[in-house]
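The structure appears right after this line, and notes come after that.
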């Protein structure tokens, strides 16, 4: 169970997240939609403390962090309970595909190297990249890099996986394979919080769609309700633009 | 104008070659120590530990702002008068210390620039998986910064090898010191210093070849 209360983030004088409340049940897939600059990515980055929130609490499993009093240990605990998939993949450039996945297991989780390697190879097989285990990121296509990026997040076994526009930086030809992999992750009842502009994918994968505007959650509900019978005018305008 | 005494020069080569190991030893030990010290200084300059930052800046400023020869004299002839435990310091140790401190100041700036040059996404990816700042530096940032800084660092190593010649002013008989002694005996200064110059040149050129191989190795992760 993930529980976000009053999450607030300001950059300078601008309030980017305005007291966000959001609960996510175990195994639930929540997709966040909205125009650029409405705080979607900041929400994900604050949940992972890549951006430090100014106020609010985040509870992921046993880890409860109060933004105003968060110590370094709280921050690390929260990051270790979550896994992040970046828009620009952000694979470790000095490590092979396999090493990218092993890194969190060996360095952070202190697991034995051979066990971590077995896990990494199993995850790579799931992503369909077993034969790329020893390739460096620079030798992989965008789609392959993002699949390794998802594999890196999968291997951690996090309570919550965060996807920050995982297909936005991809050439169109690679989008399909990345979405396919995310479907497979979803089938494993992994709790997911996804920011995406892929509306069809959102409809198909989401248990709940959340529409954000101006740093607030404006409307939320099952995909057909939010996407087909939107109530808020801003959501209607947004859906007309992306349709 | 007189002819070069080629026989004398050829005879001098094996004599000076005998001191190459000492020159390389001083440069190598100083390089390893300087790399470690420079990495620590560079990391401090990037994360800026309160209360430590001004000290690091002062250190870097002093060792970049004064000549290596002055620093060597300060260590070898000066400091033992003030700090009695340094009274037994020998020339080789003093030279290694001086080279280490002097070059670590320069190398710290090169490594600092390289650390800043590592893409922001690499830092964030390391943070996102829950690495501590120390783990992030050691596992992700410094290895990538090392690649960026490698050509500059090899250049400093080359400077360092040439810098060991100053150790002869501390009474160390290394390549330069040995040449000086030989020349003083034969009065064939031109021949003697020409031989040692060529030997330094060969050592440096050999290293330049090594640098190319090092860069190929370091770039293997980035080749398309």
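The values are calculated or read from the model by the stated rules, or taken from the named source; none is laboratory data. Just so we're clear, the structure is a prediction, and the values are computed from it rather than from any experiment. Ideal geometry is used to build each Cβ from the backbone, glycine not excepted, and the neighbour counts take in all protein chains shown.
Mind checking which pairs have a first residue in segment A:172-184 that is more than 14 Å from residue A:85 (Cα to Cα) and a second that is at pLDDT below 95 and outside any helix (DSSP H, G or I), Cβ under 6 Å, 6 or more apart or different chains?
From residues that are more than 14 Å from residue A:85 (Cα to Cα), the pairs are A:175/A:167.
Look through B:39, B:84 and report the one residue that is at pLDDT below 95 and closer than 14 Å to residue B:156 by Cβ. Give the steps one after another, and end with the answer.
Numbers: B:84 fails: closer than 14 Å to residue B:156 by Cβ.
Going through B:39, B:84 in turn, just one is at pLDDT below 95 and closer than 14 Å to residue B:156 by Cβ: B:39.
For residue A:34, indicate whether it is over 25 Å from residue B:133 (Cα atoms), in contact with a helix residue (DSSP H, G or I) (Cβ under 9 Å, 6 or more places away or on another chain) and in contact (Cβ under 8 Å) with a residue 12 or more places away in the chain.
Working: over 25 Å from residue B:133 (Cα atoms): yes; in contact with a helix residue (DSSP H, G or I) (Cβ under 9 Å, 6 or more places away or on another chain): yes; in contact (Cβ under 8 Å) with a residue 12 or more places away in the chain: yes.
Criteria met by residue A:34.
Say we look at segment B:131-186 and pick out the residues that are at pLDDT below 90 and not in a helix (DSSP H, G or I); which of these is nearest to the other protein chains (Cβ to nearest Cβ)?
Only one residue tops the list, namely B:174.
For residues in segment B:115-129 being in contact (Cβ under 8 Å) with a residue 12 or more places away in the chain and in a helix (DSSP H, G or I), which is surrounded by the fewest Cβ atoms within 10 Å (Cβ to Cβ)?
The residue in question is B:117.
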